[in-house]
Amino acid sequence: MSTGRAPAVVRAATSRRRRRNGMATGLVALGVLAVLPAGLSAGDVRTMTGVLIFATLASAWNLIGGFAGYASFGNVVFFGLGGYTTAVLMAKASWPFLPAVLVAATVAAAFATVVGLPVLRLRGHYFAIATLGVAEGMREVVVNLPGLTGGGAGITIPALGSRATTHYPGNTGFYYYCLVVLALAVAVTAMVAAGRFGYALRAIHLDEAAAASIGVRTTRSKVAAFALSGALTALGGGVFAFQQVTIYPDRLFSAEITVLMVVMAVIGGAGTVFGPVVGAFGLQLLAEYLRRNFPGTHLIVFGAIVVVAVVFLPQGLLRFSSDAVRERRLGLLDTMRTYRL
């Protein structure tokens with residue numbers, strides 16, 4: 001074997017080993033989460049269901065914001081679109097939940113494709129503002145279609161009685177719905193990360209013009225990532241809508257949801273497979289702990305912790321931990337020197 005090929009062979013072997021380790025870790029985590037409800041109270045199961053939903057949203061955002069580097073601040077539009085499509089199909093057309101939520105994901109993917117073609121020509125804060133505008137615009141559309149969506153008064157999904165096409169599954173049922181959706185989101189992210197599609201998105205993130213010059217179809221890749229992100233987000237929105245029974249535009253299209261999914265992905269490690277999940281679990285459980293133990297000041301403390309995490313861990317918790325183990329040193333010290341702290 002030539003010396004020129006040796007480093008490439010070593011890198012390939014290391015990459016395969018990391019993928020195997022990551023898969024094993026993911027399967028173990030999935031097994032733990034699968035049996036977790038047996039040891040929790042009904043309230044804690046509902047809390048964990050919310051954690052799983054946000055982990056799904058952060059993973060979905062990661063496809064367009066982490067891998068492709070397009071910081072979308074309007075991904076909540078897919079959450080709301082998924083929720084309202086599911087609710088309308090179940091309440092107005094008497095569809096069962098499963099086909100309704102699958103159609104919702106398809107609708108969101110189609111909407112992302114149509115919107116993405118013009119919007120993804122923008123970069124940086126222009127793209128962020130444009131996506132935020134799309135989300136606000138869709139919220140106004142929902143509000144002004146009271147005959148279909150219930151408008152500002154909301155829409156109620158028939159979950160009990162003779163009108164229910166799918167009966168309310170309870171806290172544990174929704175927990176497993178959300179666990180399946182999260183497992184799907186992580187599996188899709190892992191496949192993207194390991195394939196040519198993922199390498200194309202990373203190339204776009206690093207230098208879009210250079211990526212195009214070497215043959216990467218940048219527009220097609222960006223739109224595909226946006227559509228995939230929209231579909232996964234819509235699945236989370238559909239499950240959330242059914243869980244809530246009655247939904248309102250201000251809640252499903254809240255900018256707070258987008259901010260949380262972005263912060264979770266960034267703090268956990270944008271552009272990685274498990275980083276957004278780690279960020280979502282950490283921040284949601286931290287927020288719940290602070291809310292229960294510091295009810296008067298929990299928002300201030302939580303905000304301060306988020307700011308500190310973003311400043312001192314710009315690479316994300318997962319990469320920080322990986323670098324610390326591999327290099328046997330804390331990159332936190334380098335960050336402190338950079339900011340002269």
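Assorted remarks:
- Inside segment 175-197, residues that are more than 18 Å from the chain's Cα centre (by Cα) and touching a residue at least 60 places away in the same chain (Cβ under 8 Å) make up a count of 1.
- Answer from 58, 104, 87, 128 - the residue that is assigned to a helix (DSSP H, G or I), surrounded by fewer than 24 Cβ atoms within 10 Å (Cβ to Cβ) and among the small types (Gly, Ala, Ser): 128
- Failed condition for residue 272, given (1) in a helix (DSSP H, G or I); (2) touching a Gly at 6+ places or on another chain (Cβ under 8 Å): (1)
- Restricting 329, 337, 292 to those that are surrounded by fewer than 13 Cβ atoms within 10 Å (Cβ to Cβ) and at pLDDT 85 or above reduces the list to 292.
- Some residue of segment 215-222 being small (Gly, Ala, Ser) and either under 26 Å from residue 80 (Cβ atoms) or in contact (Cβ under 8 Å) with a residue 60 or more places away in the chain (or both): yes
- Of the numbered criteria (1) out of contact with any Ser or Thr (no Cβ under 9 Å at 6 or more places or on another chain); (2) touching a residue at least 12 places away in the same chain (Cβ under 8 Å); (3) assigned to a helix (DSSP H, G or I), the one residue 137 fails is (2).
- Subset of segment 154-166 that is on the phi < 0 side of the Ramachandran plot and at pLDDT below 90 - its residue that is surrounded by the most Cβ atoms within 10 Å (Cβ to Cβ): 159
- Lone qualifier among 81, 98, 117 - being more than 23 Å from residue 259 (Cα to Cα), modelled with pLDDT of 95 or more, in a helix (DSSP H, G or I) and within 24 Å of the chain's Cα centre (by Cα): 98
- Selected residue [farther than 26 Å from residue 103 by Cα and not charged (D, E, K, R)] from 237, 271: 271
- Those helices (runs of 4 or more DSSP H) of segment 202-268 in which at least 1 residues are crowded, with 20+ Cβ neighbours inside 10 Å and over 21 Å from the mean Cα position of the chain (by Cα), considering only elements entirely within it, cover 208-213.
- Pairs meeting the criteria (first residue in segment 74-91 and without any contact (Cβ under 8 Å) to a residue 40 or more places away in the chain and among the hydrophobic types (A, V, I, L, M, F, W, C), second residue surrounded by fewer than 24 Cβ atoms within 10 Å (Cβ to Cβ) and not in a helix (DSSP H, G or I), beta carbons under 7 Å, at least 6 apart or on different chains) are 89/95.
The values are calculated or read from the model by the stated rules, or taken from the named source; none is laboratory data. Not measured: the values here are computed from a predicted model. Note that we place each Cβ from the backbone using ideal geometry, even for glycine, and neighbour counts take in every protein chain shown.
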